[in-house]
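The values are calculated or read from the model by the stated rules, or taken from the named source; none is laboratory data. Keep in mind the model is a prediction, meaning the values are calculated, not measured. For neighbour counting, all protein chains shown are included, and Cβ atoms are generated from backbone atoms with ideal geometry for every residue, glycine included.
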Amino acid sequence: MIHVFVGPTLARSEPQLAATGVRVWPPARHGDLFDTAIRDGDTVVLIDGLYHQVPALRHKEILAAMGRGVRVVGAASIGALRAAELSRYGMLGVGHIYTAYVRGQIDGDDEVAVGQAPDEEFNALTWPLVNLRHVLDLAVSTAVLDDDRAAGLLQALRAVYYPQRTWSAVRAVCRRQGETAFAGWLANKREQDRHFGDLKRADALAAIRIALASTTEATDKAGVAPGWETAYFRHWSNAAVRERVDGLELSTEDRLVYQQAFDPAFPERWTAYLEHLSLHPADGGPGLPLAERLARACGGGLSADRVFHGAVDLRDEQSVKLLLAGETAEDRRAVARYADALAWTRRSRPGFSTAAVRDEVARDLLLGVWRCDEGEFDSEASARGLGQAASAVEAAKRFVPGFLEETKRTETARGGC
């Protein structure tokens, strides 16, 4: 399967996007390459991406995809930029824009950035600098401009903020620079060919042609260093894992945190998970019973959760099975309700995030559920695999809107009896 992440650079009506084995995705954003639809051995063609309004696709997400055997091709827009940055690790770059990045002729994402329509079509509303550079080069080659005038016009066009660099703005800059003849020439060319000077489109089509023509093996896993496996990467990948259970589409991370927060038996489950990690080390080394490893580490004077802070990889089915062993259908329904409450809060309060939830509210929630006092808070959080009290508070904030709403409804019901 060939997965093409594209938005304003190509219209959905392009014939190549309708080819057998091609799946078209919206512009890429942070987390998209974790989607389980992208399988080992597939090809990703990265063309467009979002970065202004949402977190951008990270380099380590691309490295991780290549590390598990996904072939990644980049061109035209953010794809060309990422390919220039990651070509040494196996990402394939295609086209003139990629080459310009590699040679240092251009740099920065402002060269390929465009303003996009605020709908699901992702149509470009503005002109990217790379296309303007190309058009100016064509004008010089046909003696419409000389080198100095083209350079001055490019400098003036570059000074226009990219979301405002519309065709009207381009013509206005040309008039201000005294280059009305060039503006007329460009308008005439665009009337003859609406894709005139669209270097991004040409590079994107070239990348898709290469992907369609090549059915060779995906990136060699051994050729990509495992540098993406950091704590940050694990956080991103865990947040992206979702599963459909009981007809509910749920975040696996939400399900785990719910168990850590609300299941009274979870400390025993966390100890069992640490036992599993001790017997099956991630580095492939010899396994040891947890008690023996604990005795070697500290003489057995501390609890295992205080000594070993096991990393959780929610992509690992065995880990998920162990950690969610006590989950019930009612638990999953509660996770869904809390997720819906959080989503509603975000919609009704623009700009809201869990960071806006006051620490003391989440803290009071956990202290009440765990029935412990402040002096026991850190140890209880550690026993549940949450590290320490501060980390537990941050994790629990996702449940606060739903928890408060349920508490309010319960109190109202009691008051009406």
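Numerical summary
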| read-out | value |
| --- | --- |
| Those residues of region 360-392 which are polar (S, T, N, Q) and out of contact with any Asp or Glu (no Cβ under 9 Å at 6 or more places or on another chain), in sequence order | 391 |
| Candidate set from region 313-339 (those that are modelled with pLDDT of 95 or more and among the acidic types (Asp, Glu)); member that is farthest from residue 385 (Cα to Cα) | 330 |
| Which listed residue is out of contact with any Gly (no Cβ under 6 Å at 6 or more places or on another chain) and either closer than 30 Å to residue 29 by Cα or acidic (Asp, Glu) (or both), from 128, 163 | 128 |
| Positions within region 387-410 being out of contact with any Leu (no Cβ under 9 Å at 6 or more places or on another chain) and either outside any helix (DSSP H, G or I) or closer than 16 Å to residue 263 by Cα (or both), in sequence order | 387, 388 |
| Every residue from region 120-141 that is within 16 Å of residue 181 (Cβ to Cβ) and either touching a residue at least 12 places away in the same chain (Cβ under 8 Å) or among the basic types (Lys, Arg) (or both) | 135, 136, 138, 139 |
| Subset tally (residues that are under 21 Å from residue 233 (Cα atoms) and surrounded by 14 or more Cβ atoms within 10 Å (Cβ to Cβ)) for region 283-315 | 6 |
| Matching residues, region 169-191, being outside any helix (DSSP H, G or I) and either free of Cβ contacts under 8 Å to residues at least 24 places away in the same chain or at positive phi (or both) | 178 |
| Strands (runs of 3 or more DSSP E) (entirely within region 36-106) containing at least 2 residues that are within 17 Å of the chain's Cα centre (by Cα) and modelled with pLDDT of 90 or more | 43-46, 71-75 |
| Filter result for residue 101 (surrounded by fewer than 21 Cβ atoms within 10 Å (Cβ to Cβ) and more than 19 Å from residue 208 (Cα to Cα)) | no |
| Count - residues of region 1-35 that are of a type in the set (D, E, K, R) and either part of a strand (DSSP E or B) or surrounded by 14 or more Cβ atoms within 10 Å (Cβ to Cβ) (or both) | 4 |
| The lone exception for residue 58 - which of (1) closer than 21 Å to residue 107 by Cβ; (2) buried (at least 21 other Cβ atoms within 10 Å of the Cβ); (3) not β-branched (Val, Ile, Thr) it fails | (2) |
| In region 214-253, the residues that are in a loop (DSSP other than H, G, I, E, B), modelled with pLDDT of 75 or more and in contact with a Lys or Arg (Cβ under 9 Å, 6 or more places away or on another chain) | 241, 246 |
| Residue pairs meeting the criteria (Cβ under 6 Å; at least 6 apart or on separate chains; first closer than 11 Å to residue 102 by Cβ and assigned by TED's automatic domain parsing to the domain that holds residue 25, in region 64-92; second part of a strand (DSSP E or B) and among the β-branched types (Val, Ile, Thr)) | none |
| Which listed residue is free of Cβ contacts under 8 Å to residues at least 24 places away in the same chain and part of a helix (DSSP H, G or I), from 337, 363, 332, 346 | 346 |
| Hits in region 128-149 (condition: more than 36 Å from the chain's Cα centre (by Cα), surrounded by fewer than 21 Cβ atoms within 10 Å (Cβ to Cβ) and assigned to a helix (DSSP H, G or I)) | 138, 140, 141, 147, 148, 149 |
| Hits in region 3-37 (condition: β-branched (Val, Ile, Thr), under 20 Å from residue 213 (Cα atoms) and touching a residue at least 60 places away in the same chain (Cβ under 8 Å)) | 4, 6, 22 |
| Residue satisfying all of: in region 107-127; closer than 18 Å to residue 85 by Cα and part of a loop (DSSP other than H, G, I, E, B); modelled with the lowest pLDDT among these | 108 |
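Quick grid of which residues meet (1) polar (S, T, N, Q); (2) modelled with pLDDT under 90; (3) farther than 28 Å from residue 343 by Cβ:
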position: 369; (1), (2), (3): no, no, no
position: 372; (1), (2), (3): no, no, yes
position: 379; (1), (2), (3): yes, no, yes
position: 384; (1), (2), (3): no, no, no
position: 397; (1), (2), (3): no, no, no
position: 405; (1), (2), (3): no, yes, no
position: 410; (1), (2), (3): yes, yes, no
position: 417; (1), (2), (3): no, yes, yes
